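Trainee: Here it is: the structure, laid out below.
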Amino acid sequence: MRTHDVRFPTSQTLDGSDAMNPDPDYSAAYLRLRTDAGDGIEGHGFVFTIGRGNDVQVAALRALEGHLLGREVEETLADLGGVWRELVHDSQLRWLGPEKGVMHMAIGAVVNALWDLRAKRAGVPLWRLLASLSPEEIVDLVDFRYLTDALTRDQALDILRAARPGRAEREARLLAEGYPAYTTTPGWLGYDDAKLARLCREAVDQGFTQIKLKVGGDLDDDVRRLTIAREVVGPDIRVAVDANQRWDVPEAIEWITALRPFDLAWVEEPTSPDDVLGHAAIARAVAPVPVATGEHGANRVLFKQFLQADALSVLQLDATRVAGVNENIAILLLAARFGVPVCPHAGGVGLCEAVQHLAMFDYLAVSGTLENRVVEFVDHLHEHFVTPVDVRGGRYHPPKAPGAGTEMLERSIREHSHGG
Ligand SMILES: [Mg+2]
């Protein structure tokens with residue numbers, strides 16, 4: 001295992017700025033797994049962070065090394081459900097969560113690096129590898145502990161079997177048309193009005209049918225910026241807003257009510273990401289404005305509660321915050337069980353490259369639909385990846401290269417390594 005503390009100075013241009021994170025430096029606690037299989041193939045994974053603390057995240061990656069060294073490559077890759085359970089339920093590391101925070105995210109990076117390795121060795125992109133698994137193989141990847149009051153293994157199998165008919169047609173459509181995206185590029189809070197207007201116009205010209213604006217700093221500013229955005233994009237483009245956890249519950253209700261005339265596609269992260277009942281109260285009060293959340297959702301148990309409590313109507317899973325591909329699949333299955341669309345969080349360095357695989361897998365093998373589904377897109381830092389996303393006409397076009405999309409260029413890792 002080799003690890004790297006990679007940081008990009010995005011705070012200099014205020015890319016990524018919002019009401020809670022005014023100066024992020026997009027960073028990756030980055031991991032490479034090498035084997036002695038003789039094929040030269042490496043598995044790459046990372047945790048996305050926004051600067052300070054990336055070194056702590058790297059230390060958490062290193063704490064998992066003992067679980068990996070000395071394992072048989074083929075055996076390990078053939079049982080990633082078993083590896084997931086071993087890592088997540090380590091009897092001592094578990095104390096640092098359980099199943100949340102720095103240690104859990106580190107496990108996610110290791111799990112994703114193993115999936116990258118497996119997909120590269122199989123010579124296929126991750127979305128296609130996952131979609132080729134049988135329903136039984138897929139449920140074996142999922143830990144149903146703590147889920148069975150909402151989703152049992154048998155129910156998950158039913159969902160997966162129900163999605164089998166029509167799969168070839170969906171794959172053909174995916175390859176021809178791509179997967180719908182929306183863009184957050186215009187909406188960062190640190191951009192001035194002229195830049196906001198210009199980027200909104202460019203988004204529409206590029207074929208996006210939904211944009212997202214950051215809100216929650218100052219209500220008058222939000223009204224002014226939404227007025228500009230609506231004027232530029234017109235009534236037919238969907239406009240979502242994102243408060244990045246800025247409000248208490250009563251304030252959220254008041255603020256969202258004031259923004260309702262702008263016909264919001266959704267309001268994202270109105271309050272603390274852990275506050276299930278708070279989100280439920282907001283959702284009831286601001287209906288029919290949909291409430292979206294999940295990028296800071298720590299694990300499948302929390303998502304289960306959000307779904308049980310009708311506390312969200314757009315589920316924004318983050319591929320690198322929960323414990324990797326396996327827990328993503330658990331949450332996709334939960335969302336399908338409750339009939340809630342998953343619109344994954346992306347944007348941060350490498351997230352677009354990673355999450356597209358899971359969204360495409362969902363379309364082919366889990367939910368079987370694109371209805372009300374969009375994957376976030378932000379046009380930053382793609383040039384640092386070996387297989388950057390292919391977003392054209394407002395859609396993600398399926399990656400064809402083998403792997404999980406998580407491999408950063410050697411030169412980028414070297415040039416942006418923190419402290420040297
Ligand atoms: Mg957000």
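Quick note: the coordinates plus some simple rules give every number you see, no bench work behind them. Predicted model, so just to flag it, every value in this text is computed and none were measured. Glycine gets a Cβ as well: all are built from the backbone with ideal geometry, and neighbour counts include every protein chain shown.
Trainee: Using only Cα atoms, find the angle between the long axis of helix 193-205 and the longest principal axis of the chain, and express it within 0 to 90 degrees, rounded to the nearest 10.
Mentor: The angle comes out near 60 degrees.
Trainee: Next question, about the same structure. Show me 290-300, 90-100 ranked by packing, highest mean number of other Cβ atoms within 10 Å first.
Mentor: 290-300, 90-100
Trainee: Ok, one more. Report the full-extension gain for the segment D390 to L157: residue separation times 0.36 nm, less the Cα-Cα distance, to one decimal in nm.
Mentor: Here the answer is 80.7 nm.
Trainee: Dipole size in debye (nearest 20) for the range 2-125 around its Cα centre, Lys and Arg Cβ +1, Asp and Glu Cβ -1?
Mentor: Magnitude of the dipole: close to 60 debye.
Trainee: Hey, in the GNM for the chain with a 10 angstrom Cα cutoff, which one of N21, N54, N328 fluctuates hardest?
Mentor: Of N21, N54, N328, the most mobile in the Gaussian network model is N21.
Trainee: Determine, from the Cβ-Cβ distance of D218 and R62 and an R0 of 41 Å, the FRET efficiency 1/(1 + (r/R0)^6), rounded to the nearest 0.05.
Mentor: Between D218 and R62 the formula returns 0.45.
Trainee: Next up: What angle, in degrees between 0 and 90 and rounded to the nearest 10, separates the Cα long axis of helix 249-259 from the longest principal axis of the Cα atoms of the chain?
Mentor: So the inclination is approximately 60 degrees.
Trainee: While we're looking at this one, here's another question. With charges set only on the Cβ (+1 for Lys and Arg, -1 for Asp and Glu), what does the dipole of the range 167-415 come to about its Cα centre, in debye to the nearest 20?
Mentor: Computed about the Cα centre, the dipole is about 620 debye.
Trainee: Using a Gaussian network model on the chain with a 10 Å cutoff between Cα atoms, which of L141, L334, L69 fluctuates the most?
Mentor: L69
Trainee: Percent relative contact order of the range 167-415, based on C-alpha pairs within less than 8 angstrom and at least six residues apart?
Mentor: That works out to 20 percent.
Trainee: Could you rank the peptides 164-172, 199-207 by their average count of other C-beta atoms within 10 Å per residue, with the highest value first?
Mentor: Output ranking for 164-172, 199-207: 199-207, 164-172.
Trainee: Now for a separate question. For the chain, list log₁₀ I(q)/I(0) at each q in 0.09 Å⁻¹, using the Debye formula over Cα point scatterers of equal strength and ignoring solvent, two decimals each.
Mentor: Values, matching the q order: -0.51.
Trainee: Between D36 and D310, how many nm apart are label points set 7 Å from Cα along the C-beta direction?
Mentor: It works out to 5.9 nm between the two label points.
Trainee: Beyond a 31 Å Cα-Cα separation, which of these cross-linked pairs lie in this structure: K100/K195; K120/K214; K100/K212?
Mentor: K100/K195; K120/K214
Trainee: Given a 10 angstrom Cα cut-off, can you work out which residue in E353, E65, E327 is the most mobile in a GNM of the chain?
Mentor: Greatest mean-square fluctuation among the candidates belongs to E65.
Trainee: Evaluate the distance, in nm, between pseudo-label points positioned 7 Å from the Cα of T13 and of R284 along their respective Cα→Cβ axes.
Mentor: Result for the modelled spin labels: 4.5 nm.
Trainee: Quote to one decimal, in nm, the extra length available between T227 and A122 on full extension: 0.36 nm per residue of separation minus the C-alpha distance between them.
Mentor: Value of the extension gain: 32.8 nm.
Trainee: Using alpha carbons only, how many degrees (0 to 90, rounded to 10) separate the axis of helix 153-162 from the longest principal axis of the chain?
Mentor: It is inclined by approximately 70 degrees.
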